[in-house]
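For reference, the structure discussed in these notes is given below.
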Amino acid sequence: MSTTPAATPLVRALNVIKTFGGHQVLQGVDFEVQRGEVVCLLGPSGSGKTTLLRLVNQLETLTGGRIWFDDELLGYVERNGKLYVRKDRDIARQRARIGMVFQRFNLFPHKTALENIIEAPRQVKGMSKRVATAEAIELLDRVGLADRANFYPSQLSGGQQQRVAIARALAMRPELMLFDEPTSALDPELVGEVLGVMRDLAADGMTMIVVTHEMAFAGEVADRVVFMDGGVVVEQGAPAQVLGNPQHDRTRSFLRRVR
Ligand code: ADP
């Protein structure tokens, strides 16, 4: 018998159900992410991957089930076996610990790269302009854009904008990064630079959940891949196992289509 307690996962989802107007999009998803782990979520369009990410970041509310982040229930407080909705301020505190990068870069168009990055640390964390700027410059350097600090989004390529979006999320010093198809809106020649930044982040030990159709990236960078279809997790495991030797027909037919 092992005496070492298993590490608590950073994210734990239990029987997660999400319904949009009578359409049950997530049908009881169980899902865990350990600290430092990179998990790629794969699956056909409409299988519920984005919805799962948005639930983790509380951009959607649960229809059923529970999600814990660092042992704290997301969105709810449990007292005497009853669930109470968290206060907005408490939800904002939870959300500040999680960074998210979207398919579309969502930068403020009237702000420079640097101004985009310092916005949340200044507004949400009350960081001084001097400290926020120093950190933003470091982050821009980390994503290879030290020389683009004063450029506006319209003056940057899609790949550069997405790298600024990653730097902006990192500026909140998140404990978890969520990526929702971060390269799918990019011209093919710009995909590599964004995946490169994500690869570096993973190598630095960031905990990441990545929704992607980039199978090579998933195979190389993920510690675990989770294949979803029809609102359930069909199979999951090491990339070599799931991508190389899938056990389910649905996984096999998906992989045939995307490769
Ligand atoms: P995936 O990321 O795997 O493509 P999504 O989570 O985006 O899947 O979507 C799963 C299903 O939920 C789709 O059928 C989609 O149309 C539906 N859906 C997602 N968001 C909403 C919403 N806000 N309102 C209604 N239906 C939605």
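Every number here is computed from the coordinates shown, using simple stated rules; none is lab data. Keep in mind the model is a prediction, meaning the values are calculated, not measured.
Here are the numbers for the structure shown:
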| quantity | calculated |
| --- | --- |
| Eligible lysines near K49 by straight Cα distance, threshold 20 Å, same-chain separation 8 or greater | K18 |
| Cα-based radius of gyration of region 25-156 once divided by 2.2 N^0.38 Å, which approximates compact folds | 1.27 |
| Bridge type composition, the chain - antiparallel percent by DSSP, nearest 5 | 60 |
| Residue-by-residue Karplus 3J(HN,Hα) for region 135-149, coefficients 6.51, -1.76, 1.60, Hz, glycine and proline x | 5, 5, 5, 4, 5, 4, 5, 5, 9, x, 10, 4, 8, 10, 3 |
| Size-normalised alpha-carbon gyration radius of the chain, reference 2.2 N^0.38 Å | 1.03 |
| As computed over region 104-187, the Cα convex hull volume per residue (Å³) | 90 |
| As computed over region 149-215, the Cα convex hull volume per residue (Å³) | 93 |
| Highest-MSF residue in the chain out of S47, S184, S154 [GNM, Cα springs under 10 Å] | S154 |
| Residue-averaged [θ]222 nm for the chain, counting only DSSP H segments that reach four residues, each worth -39500 (n - 2.57) | -10500 deg cm²/dmol |
| Mean projected area in nm² (Cα convex hull; one quarter of hull surface) for region 30-94 | 5.3 |
| Under-5 Å amide H pairs with G36, H placed in peptide plane, nonlocal only | T207 |
| Residues of type lysines that K111 reaches as a straight line, Cα spacing below 20 Å, ignoring anything fewer than 8 places off in the same chain | K125, K129 |
